[in-house]
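Novice: Once you've had a glance at the structure underneath, I'll fire off some questions.
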Amino acid sequence: MSKTTAPVQRRTKLSCREIWKLYGPNADRPAASRDEVESRAANGRCFAALSDVSLDIGEGEIFVVMGLSGSGKSTLLRCLAQLVEPTFGNVELDGRSLTRMGQAELREVRRHDMGMVFQHFGLLPHLTVAGNVALPLKIRGEKAESRDHAVATALELTGLAAMADRLPAQLSGGQQQRVGLARALAVGPGLLFLDEPFSALDPLIRRELQDELIRLQAGLHKTMVFVTHDFSEAVRVGDRVAIMKDGRLRQVGTPEDIVRQPADDYVRNFVAGVDLTRVIRCATAARPASRSDYAHAVSGQGRLSDAAETLMAAGGGPIAVQGEDGSLIGEIDLHAVLAAVSGKSLAGEPA
Amino acid sequence: MTRFRPRAIWLLLPAAVAALWIAQQFSWATRFPKAWELPVAKTVSKSAAVVTDNLSWLTRLFATAIEVPMTLVVALLSEGGALTLGGFALDLPPLSWSGLALAVVWTGWRTGGPGLALLQALGCAYLLFFGQWSAAMLTLASVVIAVPFALGAGVVLGIVAWRMPRLDRWLVTPVLDLMQTVPAFAYLVPTLVLFGFGPVSALIATVIFALPPMARVTTLALSRLPGAITDLAAMMGCTRGQALWRVLLPAAMPMLLVGLNQTVMMTLNMVIIASMIGAGGLGFDVLLALRQLDIGRGLEAGAAIVVLAIMLDRQGRVLASGWSRGQAMSRRRGLGLVLVLGALLGTTLLGQIHAPLRAFPESWQVTTGSTMDSLVAWLNVNFFDTIEAVRVFLLMNLMNPIRIALASAPWLGVMTIVAMLGWVLGGWRLAVLGLGVGGFCLVTGLWDETMTTIYLCLTAAILSVSLGVPLGIAGHRWPRFGKLLTLAVELLQTMPSFVYLIPVVMLLRVGDVSAMIAIVAFAVTPVIRYTMAAFEAVPPALTEAGTVMGCTSGQMLRHVQLPVALPTILLGINQCFLFSLAMVVITALVGTRDLGQKVYIALTKADVGSGLVAGLCLGLVGILVDRLFRAAAARIAPQEPNSHA
Ligand SMILES: Nc1ncnc2c1ncn2[C@@H]1O[C@H](COP(=O)(O)OP(=O)(O)OP(=O)(O)O)[C@@H](O)[C@H]1O
Ligand SMILES: [Mg+2]
């Protein structure tokens, strides 16, 4: 029997039900019923960029949307953010329907509870770093003192405090995207949308910003919808990953679920090149403990790659896997690691 | 779908000959029967009269609204004068030349460094020492007044067009197209009728003329904004107004500033032309000099226009590029600004007591007028034979054959050819457009004038291309020469079209050859520019491939560069044709017999009907030519090898 890694139970922050987005002639007209949208999508004149997508995204979760180019990732994100109106379906934020909300109400929600980070940064060239970060606050009419304070905090968080007076043109790509992040965080939103935020950066800077994001998230606990086409990025930053193809969801699950039990060949292809030791957590690979005290221990939440050094120190022999409270979950040794990575044996089987 | 159809082109040739020959056989098909013409011009005149009679309150309102700021600025910059506001008379002295010149040079220094300051200082010195200062300031005053109006209206129109793409597609764009191809002159006639002779109507014509590019640039700049910027505005929860003013327009600002610069230059151009309906200043001086064949004075005033144009253009460009580099926000200029304003006020007030501070002393001024006159006389005496030989050669070998061919071609044949060409290049829509334009020229009885116009433009275009393309290629091949060429082209382009007439008339006197040379001088610039740009845009990978294959430079040109560059060059030729059309009208001043002359005559008689109809003819021909060239360029544009998705 296989143990799926159940995600931490979270309150639902953002959810969507049966959203469809059609492009083509007359596609702007919203559909009244599910039958109508299905027949319009099937008649061949319209193109369905999203078909029947339903999702629940939990509070404080980084939810990654993955897929090849043209699979509808951006369309999904834009539908969730109401930048495009879905042809059919409902999007709810904190239990309130964004799709049925009036313009004014939606504006208020955006001013206080949403932020967005763009692939090509979307900074205004004539404003300084501080000016760019302050803009959303100005737009919502925030007073100068509290605004300055929020800007300073956001710049501090993203490590930009020294560059507040520079213009975007005087920054590197990585720094510009930090400004984008600071701007999105400045209004203190509960929900962040990030559409391929790091794709325009070179690999080293990308890694650096991924780490930065993970670090920030540890303190902030924002809900994030993160689009990427890079699977290793998805498993690095994501609490859960959704894989899309041709406007449909193929699989939704934790990174471990996806690498260990790909739903179909399409997903399997994505997973193929991934370094599993960086995805599978020690708790997943652990076997029941065979003794009561060990010389070495690792955290169950850590990845196998994190345990490598300790394992080496222990001569490959079994080491303890501990829960967050320090309790003993089980043990791993080299064999268990190899077994988990090769996908043959799973925790729970006898050694 | 959009494959080139070479066979259709080869069929076109015999078909054209056949059409011409057949049409020749019937007299009604050769010359358009008078009885078929419609009294379009008369009808227009009559309805215009009705409108004028009923709307005089509106025009008067308009005129007053413009007159107040106008008198203020004119008073300040050039003449001084009394400003009456609600029974309260204020006697304003003009700002002193010394203070103004200082302000200009200082602005140049702060924004563009010592180079620009030097340029501005030299410009001011020219205007002062050659006694052109007050005329230049009068011209500048018109520009200063017209630019905000044109800018405001252009931006608003551009925003509306951007907000409503349908309206843009079906109304705004076609109207702007027409406005940009209808030559500047044609604007003068209706404004003259509505607002009478004088600076106000000149100003209104100027604003209308300078408005389309700004509207265009605004729409374009807004729709070219990266998607992230519009998304950003939405995601920050902007209201429509906030999105526009706080996010979109500022983000579009670099491009808008380019439009602003263009608007300023067009305004200057039009202010010069509008001197015909009563705008004073440098344009009026040139016009007067042209009429009296006073070459020296004309040249000096013409040069002053060029100087003013260069000063405005350079300053404008520096400001535009400074904004996008964020310098607009520098706060260090406070003190300097106060000092300069103080100097301006101080010298103006002191000038009330001490005259040389107010007006540049006459005794310091110089004129080269008489020297110029004698130089021209000398040129004419010593080189008369050479010049005359060139003139006659051009006339006999190039111009007359084309003129005669076009003038004697039967209208039905020409129409058939235009329709066939339109059909081959752009399908039935273009064919219908061609027939429509031709039909309009026929029924309004302007066929002959249209043909004369086309003859002038065609010869000018042929000369421009045979001059401009090689120059452009040379400029590309020898970068140093290319730099010089670019500089020359930029200079030529800042000069208002009017100025081109002066040297030509001086040497060749009035007539078709003068007109044509002036047109070529004006219209050769886009050919050079586009050719250079086209060659620059040839991907290096292609030329490298050619080198590896062992091409000689001639083979490279023929097999690699020219084919790739051709569509862009074609667009340059298109621009050249449109420039020619715009210039043709102005050459009416030197006695051509084309549509421009019709407009000019209508202007002197204040005949709205014929003026508008002739102007429309020019505009429509321009649009047709433009569409034909664009269709041709699109057909021969090489298909991207990897675009078969
Ligand atoms: N405005 C539009 N009009 C018509 N089709 C569109 C539009 N926007 C997106 N599409 C289509 O919808 C599909 C999904 O597009 P989307 O931008 O969501 O893809 P994506 O997964 O984000 O791809 P990428 O990785 O390239 O950004 C594509 O096939 C695209 O062509
Ligand atoms: Mg995308």
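Novice: Considering only residues that are more than 8 Å from chain B (Cβ to nearest Cβ) and either basic (Lys, Arg) or crowded, with 21+ Cβ neighbours inside 10 Å (or both), which ones fall in segment A:105-126?
Specialist: Scanning segment A:105-126 gives A:VAL117, A:LEU123.
Novice: Another question, if that's okay. Collect the residues in segment A:230-248 that are touching a Gly at 6+ places or on another chain (Cβ under 9 Å) and either open to solvent by less than 30 Å² (accessible area, probe 1.4 Å) or at pLDDT 90 or above (or both), keeping them in residue-number order.
Specialist: A:PHE231, A:ASP239, A:ARG240, A:VAL241, A:ALA242, A:ILE243, A:MET244, A:LYS245, A:ASP246, A:GLY247, A:ARG248 - these are the residues of segment A:230-248 that are touching a Gly at 6+ places or on another chain (Cβ under 9 Å) and either open to solvent by less than 30 Å² (accessible area, probe 1.4 Å) or at pLDDT 90 or above (or both).
Novice: From the list B:ALA301, B:ALA243, B:ALA251, B:ALA309, pick out the single residue that is under 19 Å from B:MET372 (Cβ atoms) and either away from chain A (no Cβ under 14 Å) or touching a helix residue (DSSP H, G or I) at 6+ places or on another chain (Cβ under 6 Å) (or both).
Specialist: B:ALA301
Novice: Here is a follow-up. Listed residues A:ALA186, A:ALA161, A:ALA169, A:ALA200; which is out of contact with any Pro (no Cβ under 7 Å at 6 or more places or on another chain) and more than 16 Å from ligand 1 (Cβ to nearest atom)?
Specialist: A:ALA161
Novice: Does A:ARG78 satisfy being farther than 28 Å from A:ARG107 by Cα, among the basic types (Lys, Arg) and buried (at least 18 other Cβ atoms within 10 Å of the Cβ)?
Specialist: no
Novice: Which one of B:GLY152, B:GLY158 is part of a helix (DSSP H, G or I), touching a helix residue (DSSP H, G or I) at 6+ places or on another chain (Cβ under 8 Å), at negative phi and not hydroxyl-bearing (Ser, Thr, Tyr)?
Specialist: So the residue among B:GLY152, B:GLY158 that is part of a helix (DSSP H, G or I), touching a helix residue (DSSP H, G or I) at 6+ places or on another chain (Cβ under 8 Å), at negative phi and not hydroxyl-bearing (Ser, Thr, Tyr) is B:GLY158.
Novice: A follow-up question, please. Give the residues of segment B:215-240 that are assigned to a helix (DSSP H, G or I) and within 12 Å of another protein chain (Cβ to nearest Cβ), sorted by residue number.
Specialist: Answer for segment B:215-240, where residues must be assigned to a helix (DSSP H, G or I) and within 12 Å of another protein chain (Cβ to nearest Cβ): B:GLY227, B:ALA228, B:ILE229, B:THR230, B:ASP231, B:LEU232, B:ALA233, B:ALA234, B:MET235, B:ARG240.
Novice: Sticking with this structure for a sec: Within segment B:553-597, work out how many residues are of a type in the set (Phe, Trp, Tyr) and more than 25 Å from the chain's Cα centre (by Cα).
Specialist: Going through segment B:553-597 one residue at a time, the tally reaches 0.
Novice: Can you pull out the residues in segment B:99-121 that are of a type in the set (Gly, Ala, Ser), under 17 Å from B:LEU77 (Cα atoms) and crowded, with 19+ Cβ neighbours inside 10 Å?
Specialist: Of everything in segment B:99-121, those that are of a type in the set (Gly, Ala, Ser), under 17 Å from B:LEU77 (Cα atoms) and crowded, with 19+ Cβ neighbours inside 10 Å turn out to be B:GLY99, B:ALA101.
Here's the yes/no breakdown for (1) within 14 Å of chain B (Cβ to nearest Cβ); (2) within 16 Å of ligand 2 (Cβ to nearest atom); (3) outside any helix (DSSP H, G or I); (4) open to solvent by less than 70 Å² (accessible area, probe 1.4 Å):
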{"site": "A:LYS21", "(1), (2), (3), (4)": "no, yes, yes, yes"}
{"site": "A:ARG40", "(1), (2), (3), (4)": "no, no, no, yes"}
{"site": "A:LEU50", "(1), (2), (3), (4)": "no, yes, yes, yes"}
{"site": "A:ASP56", "(1), (2), (3), (4)": "no, no, yes, yes"}
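Novice: Cβ contacts < 8 Å: first residue part of a helix (DSSP H, G or I), restricted to segment A:232-247; second residue open to solvent by less than 10 Å² (accessible area, probe 1.4 Å) and of a type in the set (S, T, N, Q), any location; separation 6+ or different chain. Result?
Specialist: A:GLU233/A:GLN210; A:ALA234/A:THR228; A:ARG236/A:GLN210; A:VAL237/A:GLN210
Residue-by-condition table, conditions (1) more than 15 Å from ligand 1 (Cβ to nearest atom); (2) under 26 Å from A:LEU216 (Cβ atoms); (3) open to solvent by 30 Å² or more (accessible area, probe 1.4 Å):
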{"site": "A:GLY60", "(1), (2), (3)": "yes, yes, no"}
{"site": "A:VAL65", "(1), (2), (3)": "no, yes, no"}
{"site": "A:VAL84", "(1), (2), (3)": "no, no, no"}
{"site": "A:THR87", "(1), (2), (3)": "no, no, no"}
{"site": "A:SER97", "(1), (2), (3)": "yes, no, no"}
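Novice: Is it the case, given these coordinates, that B:ARG169 is charged (D, E, K, R) and modelled with pLDDT of 85 or more?
Specialist: no
Novice: Evaluate the following for A:PRO136: is it touching a residue at least 40 places away in the same chain (Cβ under 8 Å) and either facing another protein chain (nearest Cβ under 8 Å) or aromatic (Phe, Trp, Tyr) (or both)?
Specialist: yes
Novice: Against the definition (among the aliphatic types (A, V, I, L, M) and surrounded by fewer than 16 Cβ atoms within 10 Å (Cβ to Cβ)), how does A:MET312 come out, yes or no?
Specialist: It is true that A:MET312 is among the aliphatic types (A, V, I, L, M) and surrounded by fewer than 16 Cβ atoms within 10 Å (Cβ to Cβ).
The values are calculated or read from the model by the stated rules, or taken from the named source; none is laboratory data. Bear in mind the structure is a predicted one, so any value in this text is a computation, not a measurement. FYI the Cβ positions are ideal-geometry reconstructions off the backbone, even for glycines, and counts take in every protein chain you see. For accessibility, only protein heavy atoms count, side chains too; no ligands or nucleic acids. Shrake-Rupley method; radii C 1.70, N 1.55, O 1.52, S 1.80 Å.
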